[in-house]
Amino acid sequence: MPLALFGLAAERSKVDRFTLLDPDNLITIRENVPLAPLTTLGVGGPARFFVKAETGEHVFQALEYAAENALELFVLGGGSNILVSDQGFDGLVIQVAIKGISLESEGKRQVVTAKAGEDWDPFVEFCVSKGLAGIECMSGIPGFVGGTPVQNVGAYGQEVSETIISVKCLDRTNRETLELTNEQCGFAYRTSIFNSSHRDRYIVLSVTFSLIPAGPPKIEYKDLMEYFSGREATLAATRETVLKIRAAKSMVILPADPNSRSAGSFFKNPVISLKRLSELEDRLDVKVPHFNASDGMVKVPAAWLIERAGFYKGFSLGNAGISTNHSLAIINRGEASAAEIVDLKNLIQETVRNEFGVDLMPEPIFVGNNQQ
């Protein structure tokens with residue numbers, strides 16, 4: 001149930017600055033809202049306070065409410081990349097649910113701006129239907145558009161950093177909106193300033209992409225190259241193929257598939273030096289699969305390390321487990337607690353570290369008092 005319309009149940013001294021706000025556009029603050037149903041893992045406790053922000057003004061009001069009441073803040077998108085603690089979050093959760101897509105021609109490219117609350121996969125489908133190339137390989141990824149620059153989301157040979165022009169944000173330090181350029185976002189592998197150097201400073205309001213009308217799909221990932229060998233690779237066919245590959249790995253959220261109750265790939269592919277790779281191959285007496293990264297570094301598939309450490313697909317620990325279709329996905333096998341997910345995560349990390357001397361870093365954001 002709603003606790004109050006913002007300002008209407010607060011002390012007068014705390015709402016004077018909002019007397020000029022549109023009374024029909026005030027946020028509704030709810031209490032003790034379950035967060036598990038708002039996540040793809042489906043675990044975790046409630047938010048003490050919760051706001052669904054459907055406009056930029058709503059986000060601003062929520063920030064002010066949190067500041068006035070000394071509340072810790074967490075910004076929620078589509079819930080596809082988070083693990084909420086069993087105790088929940090003792091503060092204010094803002095779900096950014098701003099909607100809208102706009103297009104503008106700019107030379108030979110199409111500039112597309114999507115609000116942060118747009119669902120990512122329908123947005124990809126929309127762009128593909130318009131014949132716009134640049135994000136087709138990221139079909140089927142759950143979550144909202146606003147979360148994609150935070151993690152520099154990528155799949156099957158593409159990353160959003162390749163096409164993002166700018167990210168419109170609300171700066172929590174001064175409550176002002178600004179546009180950050182691609183360069184200012186500091187994109188790297190699964191990283192940006194939003195989850196590293198400036199974590200908790202900016203709230204993404206919209207993302208602007210530069211896409212290519214009638215452009216070719218990007219076919220660089222091994223599975224796609226093999227599938228399209230001798231076949232015409234259109235944008236639509238690429239999207240359809242990516243969705244099939246992801247579904248086969250239970251990486252598309254389907255209610256009927258218990259393996260899809262996950263946060264996607266739970267661990268990042270570790271990046272190590274060529275020297276460290278050589279040492280690892282000598283120690284194991286085997287060729288270690290890897291992909292070139294920048295500056296003499298390589299990425300080693302986390303899935304290969306996990307499986308070689310003895311964690312097979314379908315491995316379980318209590319109500320947490322590893323997907324039967326994808327060894328990188330930790331799943332909720334049914335009624336799992338956040339603590340059980342963390343226990344399995346810790347066991348995998350410790351075993352891989354002991355076996356290979358390599359640290360696996362988790363991809364999901366930990367909300368509440370989970371141990372990372």
**Q.** Leading residue by the ranking (modelled with the highest pLDDT) among those in the stretch 68-108 that are open to solvent by 10 Å² or more (accessible area, probe 1.4 Å) and hydroxyl-bearing (S, T, Y)
**A.** S102
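For every residue, the table says whether it meets (1) among the β-branched types (V, I, T); (2) open to solvent by less than 40 Å² (accessible area, probe 1.4 Å); (3) at pLDDT 95 or above.
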residue	(1), (2), (3)
G264	no, yes, no
D285	no, no, no
S294	no, no, no
M297	no, no, no
I306	yes, yes, yes
A309	no, yes, yes
G318	no, no, yes
I322	yes, yes, yes
Q. Residues in the stretch 144-159: is at least one in contact with an Asp or Glu (Cβ under 8 Å, 6 or more places away or on another chain), open to solvent by 30 Å² or more (accessible area, probe 1.4 Å) and aromatic (F, W, Y)?
A. yes
Q: Please go through the stretch 114-137 and pick out each residue that is within 14 Å of the chain's Cα centre (by Cα) and surrounded by fewer than 24 Cβ atoms within 10 Å (Cβ to Cβ).
A: G117, E118, D119, D121
Q) When you go through (1) surrounded by fewer than 18 Cβ atoms within 10 Å (Cβ to Cβ); (2) closer than 24 Å to T241 by Cα one by one for V111, which number turns out not to apply? A) (2)
Q) Can you find even one residue in the stretch 201-216 that is within 14 Å of the chain's Cα centre (by Cα), of a type in the set (G, A, S) and under 25 Å from A236 (Cα atoms)? A) no
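Listed here are the residues, each with its yes/no results for (1) surrounded by fewer than 17 Cβ atoms within 10 Å (Cβ to Cβ); (2) modelled with pLDDT of 95 or more.
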| position | (1), (2) |
| --- | --- |
| I164 | no, yes |
| Y189 | yes, no |
| S206 | no, yes |
| L235 | no, yes |
| I245 | no, no |
| L254 | yes, no |
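The values are calculated or read from the model by the stated rules, or taken from the named source; none is laboratory data. Note that this is a predicted model, so its numbers are computed, not measured. With ideal geometry, Cβ positions are generated from the backbone for all residues, glycine too; neighbour counts draw on all protein chains shown. These area figures cover heavy atoms from the full protein model, side chains too; ligands, DNA and RNA do not enter into them. Shrake-Rupley method; radii C 1.70, N 1.55, O 1.52, S 1.80 Å.
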